[in-house]
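Q: Handing you this structure, nothing more for now.
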Amino acid sequence: ESERYGDSTDKLYSHYIRKRIKQIEEEAVKKSAAVVCTTEEDKEEYETLNEELFVIPNGINSSKISSNPNMYNREEFSIPQETTLAVFLGSDYAPNVEAVEWLCENWSELDENYHLLIIGNVGSSVQTTDSRIHTVGFVEDLMSVLSLGDIAINPVIYGGGSNVKILDYFAAELPVISTEFGVRGFDVSHK
């Protein structure tokens, strides 16, 4: 959690909060009988404070996910059917905001056939004039919106824990393009 608050867009507030949460985390780890981490990196962060640290990666049971494939369609978001649609999912959290800003700044370099759909409240953090970049906030049926995509993108380069959006992308059976950092904590490799 200290990394999450340290990555806030409000730097003055986040510095104080991160420092305080880091103290609380360290004290909790010291006093705990056992600690479960979601990544090896998180375990390494605290292993000097407690010998009983275990890694259990985040997971998802895709068979429990239901989707209404007719709930959303590309036309609703002004996305032509014949284009290649990339999706990005995220909350208004500094690493996601920075990733989306990077995507928006560089999207014009791609062929006109590529469109981007930004899902989640991270979309409210960016301004773009590119008609191929579309945003939608909260959605009722995440899998239905993700299923509109041809590929999923995760250019996140910092933050805490693991990027749970990767699990949503995999559950939607999308090919994923990610930084190495974006897939940390998951046992995945190229192709």
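The values are calculated or read from the model by the stated rules, or taken from the named source; none is laboratory data. What you are looking at is a predicted structure, and each value in this text was computed from that prediction instead of being measured. Cβ atoms come from the backbone with ideal geometry, glycine included; neighbour counts cover every protein chain shown. Ligands, DNA and RNA are stripped out before the accessible areas are found, and what is left, the full protein with its side chains, is counted by its heavy atoms. Shrake-Rupley method; radii C 1.70, N 1.55, O 1.52, S 1.80 Å.
Q: Please list, ordered by chain and number, the residues whose modelled amide H lies under 5 Å from the amide H of residue 39; skip anything fewer than 5 residues away on the same chain.
A: It is none; the list stays empty.
Q: Quick one: with all protein chains in place, what share of the accessible area of the chain is carbon or sulfur, to the nearest percent (1.4 Å probe)?
A: Using a 1.4 Å probe with all protein chains present, the chain comes out at 49 percent carbon and sulfur.
Q: Roll a 1.4 Å probe over the protein heavy atoms and report the accessible area of residue 84 in Å², nearest 10.
A: Approximately 50 Å² for this residue.
Q: Sorted by packing (mean other beta-carbon atoms within 10 Å per residue), highest first, where do 182-191, 92-101 land?
A: On the way: 182-191: 13.3, 92-101: 20.8.
Taking the mean over residues of other Cβ atoms within 10 Å, the ranking is 92-101, 182-191.
Q: In Å, what Kirkwood hydrodynamic radius results for the range 1-141 from the alpha-carbon pair distances? Spell out each step's value before the answer.
A: Values: mean 1/r = 0.0547 Å⁻¹.
Roughly 18.3 Å, rounded to one decimal.
Q: A further question on this structure: Is the range 71-191 best put as rounded, prolate or oblate by its Cα gyration tensor, with a ≥ b ≥ c the root eigenvalues, rounded for a/c under 1.5, and otherwise prolate when a/b is larger than b/c, oblate when not? Please list the in-between numbers first.
A: On the way: a/c = 1.44, a/b = 1.28, b/c = 1.13.
Note, shape of the range 71-191 comes out rounded.
Q: Quick one: accessible area per residue over the chain, 1.4 Å probe, rounded to a whole number of Å²? Write out the running numbers ahead of the final one.
A: Working: 11260 Å² over 191 residues.
Here the per-residue accessible area is 59 Å².
Q: Still on this model: Within the range 149-185, whose backbone N sits under 19 Å from a point 7 Å along Cα→Cβ of residue 63?
A: 168, 170-173
Q: Still on this structure: Compute the long axis of helix 94-106 from its Cα atoms, compare it with the longest principal axis of the Cα atoms of the chain, and write down the angle in degrees, 0 to 90, nearest 10.
A: 30
Q: Given R₀ = 35 Å, FRET efficiency for residue 190-residue 73 by Cβ-Cβ distance, to 0.05? Don't skip to the answer; put the middle values down first.
A: Details: r = 32 Å, r/R0 = 0.92.
That pair, residue 190 with residue 73, gives E of 0.60.
Q: Reachable lysines from residue 31, Cα under 26 Å, same-chain residues fewer than 8 places away excluded?
A: Residue 31 reaches 19, 22, 43.
Q: Another one. How much length, in nm to one decimal, is gained on full extension between residue 48 and residue 180, taken as 0.36 nm per residue of separation minus their Cα-Cα distance? Please list the in-between numbers first.
A: Values: separation 132, 0.36 × 132 = 47.52 nm, distance 2.57 nm.
My answer for the length gained is 44.9 nm.
Q: Continuing with this model, one more query. Roughly how tilted is helix 11-31, in degrees to the nearest 10 and between 0 and 90, from the longest Cα axis of the chain?
A: Tilt of helix 11-31: around 50 degrees.
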